[in-house]
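To keep things clear, I will list the structure first and then write my remarks on it.
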Amino acid sequence: MTGYRFHPSVLRAYDIRGVVGETLSVSDARAIGQAFAKCMELAGLKTLCVGRDGRLTSPELEFALIDGLVSSGVHVWRVGTGPTPMVNFGVHHYSADAGIMVTGSHNPPDHNGFKLSLGGKPFFGDDLQKLGEIALNGDFLTVEGRVVERPAAKAYIARLLQNLEIANDVKVAWDPGNGSAGEIVSALTDKLPGKHHLINAHIDGTFPAHHPDPTVAENLEQLIKVVADESCDLGIAFDGDGDRIGIVDGKGRILWGDQIVALLARDVLSSAPGATIIADVKASDVLFDEVTRLGGKPLVWMSGHSLIKAK
């Protein structure tokens, strides 16, 4: 069987990513589906949830990916357009064996890619290199699978609304940045107590308001203005696929990643005293000192969501 070679830059450390039309194509997406199906078969797994973000190229890449998966025997459940965490939720909610999110994450509009999980764990690093080898060897299956529509948004929102303790007078500004979290955030805030001010909630793969990365200060300028104009207690911004956030406090000051984790660690350590709190090497002593003060065990680990999850 004829093998398939990906551009050398697309199989990255944590996910698959490229510039559509240059380093990443529809035929790549189909080959990724075929090769990942072989990885699933080797692990004795069969079912997979697929979702996508709001980029203009995501529908065609998702279609080709599913074609490759189904032509190789995988049973695909399409969970819909939404944030990456919704796909992760769908995998657990539907008890699927694996998940793939079609997304360019926080990158420019002409970028796109895939985030994968297999058997409840991130699929990255050596796994992605193995996927590339399978494709290069043409080691694909020819077994017919099927595709079923199984939207996850409604169940995902219902789960997000559980176990909440929110003051009735809280005022929050939200900026999904025209990314794929927009519809979920809109539906969620309709059901939350308090007052909520949304900007850029419409999903638009051209990202007309600003670049979809809330860890860059200039991309939070609109949110900071809304927090000031509406006298909000805080502002929350999302990246292109809704799996990273930026936070602005009531005085318009940006809270960086290690400061956010320090706040979250307080809640974790109140219910799990002495727990280990993992942060990457970019975190400052502010976080580690606070975790220690709260009785937790700080652990420094390598950067990258897949590496942190695996640890």
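Observations on the model:
- Residue in the range 97-106 that is surrounded by fewer than 18 Cβ atoms within 10 Å (Cβ to Cβ) and touching a Lys or Arg at 6+ places or on another chain (Cβ under 9 Å) present: no
- Those strands (runs of 3 or more DSSP E) of the range 244-301 in which at least 1 residues are open to solvent by less than 30 Å² (accessible area, probe 1.4 Å) and not acidic (Asp, Glu), considering only elements entirely within it, cover 245-249, 276-280.
- The range 137-163, residues that are open to solvent by less than 90 Å² (accessible area, probe 1.4 Å) and not in a helix (DSSP H, G or I): GLY138, ASP139, PHE140, LEU141, VAL143, GLY145, VAL147, VAL148, ARG150, ALA152, LEU161
- Under the condition of being in a loop (DSSP other than H, G, I, E, B), at pLDDT below 95 and surrounded by fewer than 23 Cβ atoms within 10 Å (Cβ to Cβ), the residues counted in the range 115-130 number 2.
- Selection status of LYS38, of a type in the set (D, E, K, R), at pLDDT 95 or above, touching a helix residue (DSSP H, G or I) at 6+ places or on another chain (Cβ under 7 Å) and buried (at least 24 other Cβ atoms within 10 Å of the Cβ): no
- Qualifying residue in the range 164-172 (condition: more than 19 Å from GLN222 (Cα to Cα) and surrounded by 13 or more Cβ atoms within 10 Å (Cβ to Cβ)): yes
- Only one of the listed residues (LYS154, LYS195, LYS225) is under 20 Å from MET101 (Cβ atoms) and charged (D, E, K, R). That residue is LYS154.
- Filtered by the rule that a residue be closer than 13 Å to HIS106 by Cβ, touching a residue at least 40 places away in the same chain (Cβ under 8 Å) and assigned to a loop (DSSP other than H, G, I, E, B), the range 215-242 gives THR215, ASP239, GLY240, ASP241, GLY242.
- Taking the criterion of being touching a strand residue (DSSP E or B) at 6+ places or on another chain (Cβ under 9 Å) and either farther than 15 Å from ARG52 by Cβ or open to solvent by less than 20 Å² (accessible area, probe 1.4 Å) (or both), the residues of the range 67-77 that qualify are LEU69, VAL70, VAL74, HIS75, VAL76.
The values are calculated or read from the model by the stated rules, or taken from the named source; none is laboratory data. What you are looking at is a predicted structure, and each value in this text was computed from that prediction instead of being measured. As a convention, Cβ positions derive from the backbone with ideal geometry for all residues, glycine included, and neighbour counts pool all protein chains shown. Side chains are part of the model used for accessible areas, which takes the heavy atoms of the whole protein and leaves out ligands, DNA and RNA. Shrake-Rupley method; radii C 1.70, N 1.55, O 1.52, S 1.80 Å.
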